[in-house]
Structures are given as C-alpha cells and as structure tokens.
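Nothing in this text is a laboratory measurement; each read-out follows from the coordinates by a stated rule. These figures come from a predicted structure and were not determined experimentally. So basically every Cβ, Gly included, is an ideal-geometry build from the backbone, and we count neighbours across all protein chains shown.
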Amino acid sequence: MTRGADQAPALPRLMTLRATPDPALAGGSEGAPAARPAASGQRPASGQRPVSARPAVSARPAVSRRREVADVSARSLLMTILGEFVLPDGEPVWTSSLVRALAVSGIEEKSARQALARTASEGWLASQRHGRRVRWELTPHGRGLLTEGAERIYGFGRRDEPWDGQWLVVLASVPESRRELRHKLRTRLSWAGFGSPAGGVWVTPDVSREAEAREVLGGLALPAAAMSFTARYGAIGEQQAMVAAAWNLDAMAARYEEFIDQFAGLDPRSPGEALRAQIRLVHEWRRFPFLDPVLPAELLPPGWSGTRATTIFHDRHARWRPPARAAWAVLAA
C-alpha cells in the first residue's frame, strides 16, 4: 500500500536477539565510573554517610516519542531496565548492576556508563556516592514518567470498550510553502493517533483525542485556521478505503509479525536468559503505543497480527518475569 503524504515516517525494524553467552550472573567490579555522576560534590571520607547528589543540570525529564521508536541504543535499553526492574523495586541501584544488566543485551561498559551519565543529566536519575562506588536512584519526575510509561506499556492493546461509530475530524491546512510547519503538524497529529486520508484532513475513531489535537494546534499557533467536528461515516465511498488511506496498516502489521517471529518461539532456559529475553521483550513492545493508533476491531483487516502480538507479549512477560526477577536480584545485590 502506498503511504500518503501526511502519514508518519516508516517504522524502524526490530533488533534480533543474539545467542551470546549469558553474563547475568558474572561478576563485575564497580570501579570509578567512566563518566562523572549526575551531580558534583566532594568525596566523603571513610566512614561518612553517603552524599546524595542531584542531576548534573537543573533538568526536568521528558519522554521523546522520536527516541522511543528509534533504533536500539544503550540509553533506550537503560530506560527499559529502569522501568522494568528499578522502578518496581523502589531502591537505589549500583552502577555495576546497571552496567552488567546492559551487558546482558550486548552493550559495552563504556557505552553503558555514557548512557547513565546522559540519563542523569536529563533529570531521570540522581546519584549517591559511597566512597568510590556510586548508586543511582530515580528522581521524583523520573519516577512519575516511568510510572506513566509502565501503565501505557502494560495496558496497551487491551481495548475492551465497543466503538460507537463516531469519528473525530480535524481540518487543519498549512500552505505548501511552510514545509517545516507542515512537517510538525503531520508528526504531532500522527503521534496523537490521527490519520490523514486527504490533505488537511485528520481523523481518529477516538473522539477523546480532541483535547490533544487542540493542544497540538495551539502549540503551532494554528487553532484560528482549524476546525473539528464529530460524525459518522456517510453513504459516499467506503469507510475501509478511508482507513487504508489514513494509516499504513500494512507496515504496522509487518512490524507486529516481526515481533511475533522474534518472541513466539523463544524459550529461555535459565534466569540469565530470561533476563535478557524480558529486557528485549519489553523494549520492543514499548514502541507500539507510539506507533499503533489502536483502531477498533471493525476497522482492522481480518486476522490482524496485532491481536496475536498482544497475547504473546502478555503471556511471555508473565512467564519470564519470575526467573528474570531472580537474575536481576543477583545483579542488584
């Protein structure tokens, strides 16, 4: 299917799990971190209480949707580990624990430490020094955003309420000469779950998105030139043709099929393997809320792969959680 001019960019591909030796239970030294901790301060003398540190800059963490769907990186895997293991525990964690957890997913120590420093500088983490060792804890804002993210990830794909057939339609046109503004409008409305079946026309079957659309338009100084209304599809044309023009469902289905191929037959045999599998499972799944508009079942093609992918995610996550948590407990000790 041909992608319309106002649709979101092509979807990134999944990273394939590699059959590497399991380092989950391997030892590792803390050592002095390659990057300075998130806040400065004198090192405490022996016997003193640990010094609590703030992030390196007065930063407030924010979720970047562009980063969420980008290729796998040390920082993106670190965010997955923080949300899956550090957030539920509610306890500070040693640098060495996070470095070793990232090593499970093939991230080298230097890259892991750089990711830690970068994440702290953005306001997600604060550090505590214990002599030469450093522990990290989530900042209040970081904890709040990760909690919201966990609710979005684990609740995604479970749409139970029936659709009433109502569409929210937003008309917002930007001249061709203002290409940067057109790009911002297209990107932000796409992130909000809207599709564009025709130039200047944006639709979603979720009428509760109107407030978010208003926020997008207001941020781009466009509300005076825009309008919205709710309606049912009429007798002219085919509703499914409009859906096909508004969203690239073929690309989304292919992405779900890749997820299924990667995880349906995966069977970790040890706690360390379960830890590696769980990190990758959550890491890949957490992108879908930013990519899938979650259309009602009656608007989706028969045999929609997203349904099976959702089942696989929740089944594997529940099955792998106990051994993965056991492996994490060894790392965090």
Please specify each residue of region 252-272 satisfying the condition of being closer than 23 Å to residue 75 by Cα and touching a Phe, Trp or Tyr at 6+ places or on another chain (Cβ under 9 Å). 255, 259, 263
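Considering only residues of region 165-212 that are part of a loop (DSSP other than H, G, I, E, B) and polar (S, T, N, Q), which is nearest to residue 241 (Cα to Cα)?
So the first thing to find is which residues in region 165-212 are part of a loop (DSSP other than H, G, I, E, B), and the list is 165-166, 173-178, 192-194, 199-200, 205-206.
Checking the rest, the ones that are also polar (S, T, N, Q) come to 166, 173, 177.
Working: 166: 17, 173: 22, 177: 29 Å.
Ranking the qualifying residues of region 165-212, first place goes to 166.
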Quick one: how many residues across region 248-287 are without any contact (Cβ under 8 Å) to a residue 60 or more places away in the chain, closer than 26 Å to residue 299 by Cβ and within 17 Å of the chain's Cα centre (by Cα)? 1
Given the conditions (1) within 21 Å of residue 295 (Cα to Cα); (2) buried (at least 17 other Cβ atoms within 10 Å of the Cβ), and given that residue 134 satisfies all but one, which numbered condition is not satisfied? (1)
Looking at 151, 176, which one is more than 30 Å from residue 200 (Cα to Cα) and acidic (Asp, Glu)? 151
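Looking at the structure I just gave you, is residue 122 closer than 26 Å to residue 281 by Cα, free of Cβ contacts under 8 Å to residues at least 60 places away in the same chain and of a type in the set (D, E, K, R)?
Spelling it out, it is not the case that residue 122 is closer than 26 Å to residue 281 by Cα, free of Cβ contacts under 8 Å to residues at least 60 places away in the same chain and of a type in the set (D, E, K, R).
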